[in-house]
Amino acid sequence: MTEKPPYNPSTEGAQMRFDGRMSYSDYLGLDMVLEAQKPRTDTHDEMLFIIQHQTSELWMRLVLHEMATARRSIADGQLQPAFKMLSRVAKIFEQLNNAWDVLRTMTPSEYTAFRDDLGQSSGFQSWQYRLIEFTLGNRNHAMIQPHAHRPDIMAKLEAELAQPSLYDVAIDALRTAGLLDVPAFQTRDVTQAHIFDEGVMLAWTAVYRDPHAHWALYELAEKLVDLEDYFRRWRFNHVTTVERVIGFKRGTGGTGGVSYLRRMLEVELFPELWRLRTEL
């Protein structure tokens with residue numbers, strides 16, 4: 001019996017030669033990406049630690065891309081296109097949540113073997129994470145200081161603080177719909193963090209009490225709640241992972257470690273959207 005020859009995709013038209021053509025690796029810049037892992041030690045588990053954080057930063061880049069476009073869409077009164085982007089951001093945070101499960105396969109002994117070689121580098125210094133917080137409305141100016149040595153990063157953070165947050169434009173959509181008449185919001189200092197406002201909660205409550213009359217705003221609110229829900233879970237899993245791996249040691253960047261991360265769990269991004277549920 002004659003054996004079949006090995007399957008050759010070129011017989012069905014697959015391109016097999018890439019001299020002078022753009023390949024998969026070329027398009028994605030994989031040579032640069034896959035050479036970006038530079039362990040400082042010979043320990044086996046440092047590669048996991050590096051890739052965990054590098055991939056998180058890549059996902060954060062996409063979060064910023066999606067949120068920037070969603071914010072512009074909402075500000076322009078185009079709510080529907082923003083829903084897809086906000087849903088995608090929520091799913092990205094779900095993906096980031098799942099990544100903690102991989103990092104938790106590293107034991108305290110394995111992490112301790114290379115921890116000292118990290119110096120003072122820490123996820124606390126992630127400028128993309130800081131930009132995500134600023135975009136969502138958690139605008140703590142003290143958090144800019146770790147980036148003072150990088151004028152290019154400082155410019156990005158300061159530019160974000162100079163414009164309304166994602167939640168600011170969502171609140172403005174309430175005003176446009178005639179549900180909010182609070183003059184202070186039209187002159188609010190957008191560089192500062194949003195704080196709970198009774199008038200804003202009443203406006204959102206009106207949306208939830210008659211969702212069919214305000215369906216687009218109702219859906220916008222739920223997309224924001226979804227986003228914060230997944231963001232909170234990501235933060236919680238971060239705390240759990242850190243406690244599991246280093247206990248209550250101080251972070252490499254000088255923070256209190258678990259105590260610092262637990263404090264971050266107390267931050268509410270969209271407080272009115274959570275508190276109105278008690279009133280319904």
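The values are calculated or read from the model by the stated rules, or taken from the named source; none is laboratory data. From a predicted model like this one, the values you see are computed outputs, not experimental measurements. All Cβ positions, glycine included, derive from the backbone under ideal geometry; neighbour counts span all protein chains shown.
Data overview
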{"item": "Which listed residue is part of a helix (DSSP H, G or I), among the hydrophobic types (A, V, I, L, M, F, W, C) and farther than 18 Å from E222 by Cα, from M85, M67, M60", "result": "M60"}
{"item": "Candidate set from the stretch 198-251 (those that are crowded, with 16+ Cβ neighbours inside 10 Å and in a loop (DSSP other than H, G, I, E, B)); member that is farthest from the chain's Cα centre (by Cα)", "result": "H214"}
{"item": "Scope the stretch 184-197; condition of a type outside the set (S, T, Y) and either surrounded by fewer than 19 Cβ atoms within 10 Å (Cβ to Cβ) or assigned to a helix (DSSP H, G or I) (or both); matching residues", "result": "A184, F185, Q186, R188, D189, V190, Q192, A193, I195, F196, D197"}
{"item": "Which numbered condition Q37 fails, given (1) surrounded by fewer than 17 Cβ atoms within 10 Å (Cβ to Cβ); (2) closer than 30 Å to Y167 by Cβ; (3) without any contact (Cβ under 8 Å) to a residue 60 or more places away in the chain", "result": "(2)"}
{"item": "Subset of the stretch 118-134 that is modelled with pLDDT of 90 or more and assigned to a helix (DSSP H, G or I) - its residue that is surrounded by the most Cβ atoms within 10 Å (Cβ to Cβ)", "result": "F134"}
{"item": "Only listed residue being exposed (fewer than 13 other Cβ atoms within 10 Å of the Cβ) and under 26 Å from L157 (Cα atoms), chosen from D76, D101", "result": "D76"}
{"item": "Whichever residue in the stretch 1-18 is among the polar types (S, T, N, Q) and assigned to a helix (DSSP H, G or I) and, among such residues, is farthest from the chain's Cα centre (by Cα)", "result": "T11"}
